[in-house]
Amino acid sequence: MSLRFDAASLSLGGSRILQPLSLQLAQGEQVALIGPSGAGKSSLLLLANSCHRPDGGSVELLGQDPWQLRAPALRRLRSRIGSVYQHPPLPALQRVVTAIGAGQLGQLSTLAALRRLLWPQDVAAIRDALQRVQLGDKLWQRCDRLSGGQRQRVGIARVLYQQPELLLADEPVSALDPRLADDTVALLCADARQRGATLLVSLHSVELALAHFPRLIGLRDGRIAFDLPRAELTPSLLTALYAGEQPATADEPALGSGIRIAPC
């Protein structure tokens, strides 16, 4: 099992963000997480990559409880998990080649990681990952020279290069135009399928979720409203999920809360 929540809950700043919820993702599953703004989608993903610790219940990642591990074992576990953020935390003065190469730092010794930060290694493979997101000409560009959409695609190239067993993406295409957003989600799905990796993606665009994912989880007010195969999802369920809010489509991608998440 790649991911298991057993009555996991989360409170931040004295407020309950996620009510006790249970779900599990088998190895190789591809699942879309949808719901209105403020539903708790980002918080659920931060539990799933061990950035946050549940204050109730338990979270199991790749067969392990991260909060029962010592620091070296936790580092190894986190190196097997890839995260894509809506606003990728890319250092402004860092070159794109270095930012993408950092995707594998968790798999290296401290000395080897420092060497890669000082001078890029494995440039051919990094260039290949960048070309897959249609940014092959940005290899030596500084990250602060990129647009928002380009930064998102660099964040995706980073996890393509990392090749994690569990890939978590939080609104990874919100700054992209509809065609590029569709191509990019398709790329994430194809990459995970080819490697047998597990993929959980939070999307505001219901259209994209329905087009690419066989299983959808609806989240509202920190609770799971439904967890269904795509074929069983009805318009009435979507209407109830987004009551009071118009769900985004691929033609009008929502931008979410705009909160920037630092890497763990």
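The values are calculated or read from the model by the stated rules, or taken from the named source; none is laboratory data. Every value quoted in this text rests on a predicted model; they were computed, and no experiment measured them. All Cβ positions, glycine included, derive from the backbone under ideal geometry; neighbour counts span all protein chains shown. The protein model used for the area step is the full one, side chains on, heavy atoms only, and it has no ligands, DNA or RNA in it. Shrake-Rupley method; radii C 1.70, N 1.55, O 1.52, S 1.80 Å.
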Legend entry - Residues satisfying the stated conditions in segment 22-58, i.e. open to solvent by less than 10 Å² (accessible area, probe 1.4 Å), part of a strand (DSSP E or B) and touching a helix residue (DSSP H, G or I) at 6+ places or on another chain (Cβ under 8 Å): A32, L33, I34
Inset, instruction - Please enumerate the residues belonging to segment 70-87 that are out of contact with any Leu (no Cβ under 7 Å at 6 or more places or on another chain), charged (D, E, K, R) and in contact (Cβ under 8 Å) with a residue 24 or more places away in the chain. - result: R75, R76, R78
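To keep it simple, each residue is scored yes or no on (1) over 13 Å from I156 (Cα atoms); (2) touching a residue at least 24 places away in the same chain (Cβ under 8 Å).
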{"site": "R95", "(1), (2)": "yes, yes"}
{"site": "T98", "(1), (2)": "yes, no"}
{"site": "Q104", "(1), (2)": "yes, yes"}
{"site": "L114", "(1), (2)": "yes, no"}
{"site": "W119", "(1), (2)": "yes, no"}
{"site": "I126", "(1), (2)": "no, yes"}
{"site": "W140", "(1), (2)": "yes, yes"}
{"site": "L146", "(1), (2)": "yes, yes"}
Inset, instruction - Scan segment 59-69 residue by residue and report those that are touching a residue at least 60 places away in the same chain (Cβ under 8 Å) and crowded, with 16+ Cβ neighbours inside 10 Å. - result: L61, L62
Inset, instruction - Name every residue in segment 201-219 that is surrounded by fewer than 21 Cβ atoms within 10 Å (Cβ to Cβ) and not in a loop (DSSP other than H, G, I, E, B), in order of residue number. - result: E207, L210, A211, H212, R215
Legend entry - Scan of segment 198-250 for residues that are within 16 Å of F5 (Cα to Cα) and free of Cβ contacts under 8 Å to residues at least 40 places away in the same chain, ordered by number: F226
Inset, instruction - Among what's in segment 143-155 and is among the small types (G, A, S) and within 19 Å of L93 (Cβ to Cβ), pick the residue that is surrounded by the fewest Cβ atoms within 10 Å (Cβ to Cβ). - result: S147
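Here is a list: R158, R195. Which entry is within 12 Å of the chain's Cα centre (by Cα), open to solvent by 50 Å² or more (accessible area, probe 1.4 Å), within 18 Å of G82 (Cα to Cα) and touching a residue at least 24 places away in the same chain (Cβ under 8 Å)? Write out each step before concluding.
Details: R195 fails: within 12 Å of the chain's Cα centre (by Cα).
Checking each option against the conditions leaves just R158.
Does L168 satisfy the condition of being touching a residue at least 12 places away in the same chain (Cβ under 8 Å) and of a type outside the set (K, R)? Show your work before the answer.
Numbers: touching a residue at least 12 places away in the same chain (Cβ under 8 Å): yes; of a type outside the set (K, R): yes.
Answer is yes for this residue.
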